[in-house]
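The values are calculated or read from the model by the stated rules, or taken from the named source; none is laboratory data. Keep in mind that what you see is a predicted model, and the values were worked out from it rather than measured. Because the Cβ atoms are built from the backbone with ideal geometry, glycine has one as well, and the counts that use them run over all protein chains shown. Quick note on the areas: whole protein, heavy atoms, side chains included, nothing else; ligands and nucleic acids left out. Shrake-Rupley method; radii C 1.70, N 1.55, O 1.52, S 1.80 Å.
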Amino acid sequence: MAYDWISVTTDYGLRDGFVAACHGVIARLAPAVRVIDVTHEVPPQDIRHGAMALAQTVPYLPESVHVAVVDPGVGTARLGVVVVAEDGLLVGPDNGLLLPAAQALGGVRAAYELAEPSLRLPATSATFHGRDVFAPAAAHLALGVAPSDFGDPVDGLVAMPEPFVAAFPGKLVSEVLTVDHFGNVQLAATPADLELSGLSGAVTVHSERVAVSTVLGRTFADVPAGASVLYTDSAGRLAVAVNGGSAAAVLGLGPAQECTITSSPTAT
């Protein structure tokens, strides 16, 4: 099956020529295929952030080959893979990056190692598989090369540990999944977890550094400028925002840290 679109997600940033090199390889091999850049601003080596950004975006993209490169293990024994999902293909390192997006695309049907030398660039750098392995693979897949032509089947794809969430009566503890461009703090917890805790109305969000009084709301303007709101974000996760400011800066929170939500006022 051929594809008209390739999406690209990386932690390469835009300061250097890494993204352009990947685009160039795709354009040389499959000039008629169009490319959508999901993001190239994933924090360096932050596999979970890249996985969440991709998984939360792919349901809104056309059926595509999705290339994702957040790859601190580049050049090691970790595999490069193509993952066949119900509604698309995913190409990248086997480090947990691709699985959430595969689930968002209907689940994993098969996976194959990217091992065939003729389907990568002739000279392969040990540190730039995005250009030399993953971009060529995506282009060939978009042109209709079968995933099974790339190598042997891969069983037991690497999965990231599940983020920590624990709901108690009057208390919800959650790991931070991502922090976006605006400083909004996306939690692993969902509204269902909040319901299990029984929390409602005014709550307090605790980090290791501070405790901030917060309102349960629907959108940012439900609170005055500078105040914080706990809401359900566009991906269906609980998130903390500051109207006109950065919740991450106020709370001192970043990815993989934990925060606790309790009723307000809290006991001292």
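Examine the stretch 170-178 for a residue that is polar (S, T, N, Q) and in contact with a helix residue (DSSP H, G or I) (Cβ under 8 Å, 6 or more places away or on another chain), and state whether such a residue exists.
Yes.
If I filter the stretch 224-237 down to residues being outside any strand (DSSP E or B), aliphatic (A, V, I, L, M) and at pLDDT 95 or above, which single residue comes out as most open to solvent (accessible area, probe 1.4 Å)?
Within the stretch 224-237, the match that is most open to solvent (accessible area, probe 1.4 Å) is Ala225.
Conditions tested, residue by residue: (1) charged (D, E, K, R); (2) outside any helix (DSSP H, G or I); (3) open to solvent by 30 Å² or more (accessible area, probe 1.4 Å).
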{"residue": "Gly106", "(1), (2), (3)": "no, yes, yes"}
{"residue": "Ser118", "(1), (2), (3)": "no, no, yes"}
{"residue": "Ala123", "(1), (2), (3)": "no, yes, yes"}
{"residue": "Thr127", "(1), (2), (3)": "no, yes, yes"}
{"residue": "Phe134", "(1), (2), (3)": "no, no, no"}
{"residue": "Leu141", "(1), (2), (3)": "no, no, no"}
{"residue": "Gly156", "(1), (2), (3)": "no, yes, yes"}
{"residue": "Ala167", "(1), (2), (3)": "no, yes, yes"}
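Would the stretch 169-179 turn up any residue that is open to solvent by 40 Å² or more (accessible area, probe 1.4 Å) and farther than 30 Å from Gly80 by Cβ?
Within the stretch 169-179, one or more residues are open to solvent by 40 Å² or more (accessible area, probe 1.4 Å) and farther than 30 Å from Gly80 by Cβ.
Here's the yes/no breakdown for (1) part of a loop (DSSP other than H, G, I, E, B); (2) crowded, with 24+ Cβ neighbours inside 10 Å:
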{"site": "Gly73", "(1), (2)": "yes, no"}
{"site": "Thr76", "(1), (2)": "yes, no"}
{"site": "Val81", "(1), (2)": "no, yes"}
{"site": "Val84", "(1), (2)": "no, no"}
{"site": "Ala110", "(1), (2)": "no, no"}
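For the stretch 44-63, name all the residues that are touching a helix residue (DSSP H, G or I) at 6+ places or on another chain (Cβ under 8 Å), small (Gly, Ala, Ser) and crowded, with 24+ Cβ neighbours inside 10 Å.
Ala51
Tell me, please, whether a residue that is within 22 Å of Asp152 (Cβ to Cβ) and among the polar types (S, T, N, Q) can be found in the stretch 85-98.
yes
Scan the stretch 9-39 for residues that are more than 16 Å from Val91 (Cβ to Cβ) and not in a helix (DSSP H, G or I) and report the count.
Residues flagged as more than 16 Å from Val91 (Cβ to Cβ) and not in a helix (DSSP H, G or I) within the stretch 9-39 amount to 9.
Evaluate the stretch 219-235: report whether one residue or more is among the aliphatic types (A, V, I, L, M), farther than 26 Å from Gly92 by Cβ and in contact with a helix residue (DSSP H, G or I) (Cβ under 9 Å, 6 or more places away or on another chain).
Yes: one or more hits.
Scan (1) surrounded by fewer than 19 Cβ atoms within 10 Å (Cβ to Cβ); (2) over 16 Å from the mean Cα position of the chain (by Cα) for the single condition Pro161 breaks and write down its number.
Condition not satisfied by Pro161: (2).
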